[in-house]
Amino acid sequence: MKVIYSDRYDLNLGDHVFPSAKYRLTRDKLLEDGVAKPADFIEPEPASDEDVALVHHHDYIRKLKTGMLSPYEIQRLEVPYSAELIQAVWLSAGGSILAGKEALRLGVSANLGGGFHHACADHGEGFCVIHDVAIAIRHLQKDGTIARAMTVDCDVHQGNGTAEIFTGDPDVFTFSIHQERNFPYPKPPSNMDINLEDGAGDLEYLAALDPGLDRAFHEFLPDLIFYMAGADPYREDQLGGLKLTIQGLMDRDRMVFQKAHERKIPVAVTLAGGYARRLEDTVRIHTNTVRVASEFAT
C-alpha cells in the first residue's frame with residue numbers, strides 16, 4: 001500500500017496543542033515497526049489553485065495566498081498564519097488527491113496529512129485552513145475518475161465543513177460519528193450523524209458505529225470512501241471527551257475497512273485530529289490505523 005507524506009506537512013508549531021510533528025513521527029514509526037518501507041512513501045505535489053477553487057471561494061483563496069486574512073479570520077484558524085502553513089495545507093490537499101487515486105488503484109491508501117474537516121467554503125476554523133478531502137473529491141469527480149463518494153468521519157469532532165460543503169449534493173454522502181457536546185457549534189447536519197454522549201467508551205462506540213455504517217451503505221454505495229480516522233476519541237485526548245482505548249480505536253479502524261472491503265469500495269485514509277496528552281500515544285494510534293489499512297491492500 002502507498003502512504004502519502006511530505007516533510008513539509010510539519011508546521012513546526014512548537015508546544016501548540018496541535019502536534020504537527022506527529023506527521024513526521026508517524027512516518028518514522030511506520031518505518032521503525034516495518035508497517036511501511038521507504039519505497040511505499042510518495043511525496044505529493046501541492047493541489048492547484050484551480051482544484052482548491054472547486055471548493056473554496058476565490059476571495060478566501062486570494063487572502064490565504066497573499067497574507068490578507070483579517071485578525072478575526074486568523075484567530076478563527078487557531079493556528080499561526082504563515083507562508084509555511086499555506087504551503088503545508090496545499091500539499092495536504094494534493095496528498096489527499098493522490099491518496100484517492102492510489103486507493104482506487106490498490107484498494108486502500110493513506111495520506112499522513114489531511115482530514116481538515118472544519119474548513120468551510122469561505123473560511124477556515126479549528127486548525128483547518130482548506131478542506132483537503134472535499135478538494136480531492138471534487139478533483140476526482142471533475143476528471144471523471146469517480147462519480148460518487150462517501151466521507152466516513154470518526155474524529156471526535158463533527159465535520160461541520162464537510163457537511164456544509166456537500167449539503168444537498170446527491171453524489172456525496174457524509175457520515176460522522178462524534179461527541180455531541182463538543183466543538184463545533186452549531187453542527188450543520190451530515191447525511192448521517194451519530195451523536196455520542198460524553199464518556200462513551202469502546203463498547204458504546206462500536207455498538208453505534210456498526211449499524212450506522214450498515215445503514216449508510218444501504219442508503220448509498222460510493223465509488224470511493226475518504227476515511228477521516230481521527231485519533232482524538234482516545235480517552236487521554238486533551239480536546240475530546242470520549243473514552244476509547246488504543247485497542248478500541250484499532251477495532252474501529254478494522255470495522256470501517258472490513259465493511260468497505262466486503263462491498264469492494266476503495267478507502268483513502270486521512271489521519272485528521274489527535275491531541276493526546278502523550279504525543280507518542282497519538283503517533284501510535286495513527287500508526288495503527290495505517291497498520292490495519294495495510295491488511296486490506298491488494
What are the semi-axes of the equivalent ellipsoid for region 145-298, taken as the square roots of 5 times the Cα gyration tensor eigenvalues, largest first, in whole Å? 23, 19, 13
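Can you tell me the FRET efficiency between Q87 and A39 if r is taken as the Cβ-Cβ distance and R0 is 35 Å, rounded to the nearest 0.05?
So, using R0 = 35 Å, E works out to roughly 0.85.
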Least to most buried among D251, D214, D237, D153 (fewest other Cβ within 10 Å first): D214, D251, D237, D153
If the cut-off is 30 Å between C-alpha atoms, which lysines fall inside it for K264, apart from same-chain ones fewer than 8 positions away? K2, K29, K37, K101, K142
Filter the chain for me: DSSP H helices, axial length by Cα at least 20 angstrom, mean Kyte-Doolittle hydropathy not below 0.5. List them by residue number. 83-106
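Counting other beta carbons within 10 Å of each residue's own, what order do I165, I86 fall into, fewest first?
With the fewest neighbours first, I165, I86 line up as I86, I165.
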Honestly region 1-156 on the Cα gyration tensor test (a ≥ b ≥ c root eigenvalues; a/c under 1.5 rounded, otherwise a/b vs b/c for prolate or oblate) is just oblate
Those aspartates and glutamates that a straight Cα-Cα span of less than 17 Å connects to K187, excepting residues fewer than 8 apart in one chain: D122, E125, D153, D155, E164, E197, D198
Relative contact order as a percentage, the chain, C-alpha pairs under 8 Å and 6+ apart, gives 20
Given that compact globular proteins tend to follow 2.2 N^0.38 Å, what is the ratio of the alpha-carbon Rg of region 2-294 to that value? 0.90
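We did not get these values from a lab; they are worked out from the coordinates using the rules stated. Treat the numbers as computed from the prediction; the structure is a model and nothing was measured. Positions of Cβ are generated from backbone atoms using ideal geometry, with glycine treated the same way; all protein chains shown enter the neighbour counts.
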